[in-house]
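So the structure is just underneath, and the comments pick up after that.
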Amino acid sequence: MDISYGLLKPGERIDELQRNNYRIIQDTEKFCFGMDAVLLSGFTKVLLDESVLDLGTGTGIIPILLEAKTPGKRFCGLEIQKGSADMARRSVILNELEDKIDIVDGDIKEASLLFGMASFDVVTCNPPYMNHSHGIINPDSGKAIARHEILCTLEDVIRETARVLRPNGRFYMVHRPFRLVDIINTCSMYKLEAKRMRFVYPYIDKEPNMVLMECVKGGGRNLIVEAPLIVYKEPGVYTDEILEIYGY
């Protein structure tokens, strides 16, 4: 019997993830995952038996992809919006991953209280990109929370990451290049030193519109800037590297 029976609610659909035959439940009227989440899952390194916390997990896309792509032992997603957390939890059931992935209802600002200090090897986050100085806030509250720093700020994310990471633990984040100075300065303030960075370009002759970051708790100041990641060869045609990251 198809395990998806009874898991879908009105307006929802099931999308294929091209990894391990995994699928995800989404609602097109609400916030669906985008390329940034997929690229972050491809950039993140999780070693054998490591534990991972995804802050602001939404519908659980990053824990599900990381479970498919890495030898990590435990994956956890923290989400404040109960509807999204419920959808993520049902996607975990859909893929029969209850023994590997936990979805927790809660506030990023309280992550260290929920999980304890130094409790994870890796933290990931695809945070709201816009502060109150940038962009028009979407009238849909769910989409607004996902895109703007309404319920948490960049500093909230970084502070709680530093608290829940073990010594030499790694933090992976995707963000916008215009916030890069804030990101590096705030990470450094909380002893998360930038170690690896990769800019994402829509086309080879355009400016980057995303940046992927790896920081290490208590790491030295030795930053590697990796080769650019180009999304499109031409309009509508992904580069080979993007196809590989997606699993096509």
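The values are calculated or read from the model by the stated rules, or taken from the named source; none is laboratory data. On a predicted model such as this, the values are computed, not experimentally measured, just so you know. So basically every Cβ, Gly included, is an ideal-geometry build from the backbone, and we count neighbours across all protein chains shown.
Of the residues making up segment 104-120, not a single one is part of a loop (DSSP other than H, G, I, E, B), loosely packed, with under 15 Cβ neighbours inside 10 Å and at pLDDT below 95.
On the basis of being under 23 Å from Ala162 (Cα atoms), out of contact with any Cys (no Cβ under 6 Å at 6 or more places or on another chain) and free of Cβ contacts under 8 Å to residues at least 60 places away in the same chain, does Pro63 make the cut? Criteria met by Pro63.
Taking each residue of segment 204-224 that is farther than 25 Å from Val164 by Cβ and looking for partners that are assigned to a strand (DSSP E or B) and among the basic types (Lys, Arg) with beta-carbon atoms closer than 9 Å, six or more apart or interchain, yields Ile204/Lys233. Within segment 67-76, at least one residue is of a type in the set (A, V, I, L, M, F, W, C), part of a strand (DSSP E or B) and more than 11 Å from the chain's Cα centre (by Cα).
Condition first: closer than 19 Å to Gly34 by Cα, part of a strand (DSSP E or B) and among the aliphatic types (A, V, I, L, M). Can you find one or more residues in segment 177-199 that meet it? No, because not a single residue in segment 177-199 is closer than 19 Å to Gly34 by Cα, part of a strand (DSSP E or B) and among the aliphatic types (A, V, I, L, M).
From the residues in segment 22-53 that are assigned to a loop (DSSP other than H, G, I, E, B) and at pLDDT below 95, which one is farthest from Glu96 (Cα to Cα)? My answer is Glu29. Of all residues assigned to segment 71-86, none qualifies as being of a type in the set (A, V, I, L, M, F, W, C) and surrounded by fewer than 16 Cβ atoms within 10 Å (Cβ to Cβ).
Quick check, is Gly83 part of a helix (DSSP H, G or I) and either closer than 24 Å to Lys195 by Cα or not hydrophobic (A, V, I, L, M, F, W, C) (or both)? So Gly83 passes the test. In the set (1) touching an Asp or Glu at 6+ places or on another chain (Cβ under 6 Å); (2) at pLDDT 95 or above, the condition left unmet by Gly219 is number (2). Contact map, segment 172-190: residues that are without any contact (Cβ under 8 Å) to a residue 40 or more places away in the chain paired with residues that are small (Gly, Ala, Ser), Cβ distance under 7 Å, separation 6+ or inter-chain. Pairs shown: Ile184/Ala194; Cys187/Ala194; Tyr190/Ala162. For segment 147-168, indicate whether the set of residues that are part of a strand (DSSP E or B) and either in contact with a helix residue (DSSP H, G or I) (Cβ under 9 Å, 6 or more places away or on another chain) or surrounded by fewer than 14 Cβ atoms within 10 Å (Cβ to Cβ) (or both) is non-empty. Yes, because at least one residue in segment 147-168 is part of a strand (DSSP E or B) and either in contact with a helix residue (DSSP H, G or I) (Cβ under 9 Å, 6 or more places away or on another chain) or surrounded by fewer than 14 Cβ atoms within 10 Å (Cβ to Cβ) (or both).
When the residues of segment 86-101 are filtered to those that are outside any loop (DSSP other than H, G, I, E, B), touching a helix residue (DSSP H, G or I) at 6+ places or on another chain (Cβ under 8 Å) and of a type outside the set (Gly, Ala, Ser), the one that is nearest to Gly218 (Cα to Cα) is Ile101.
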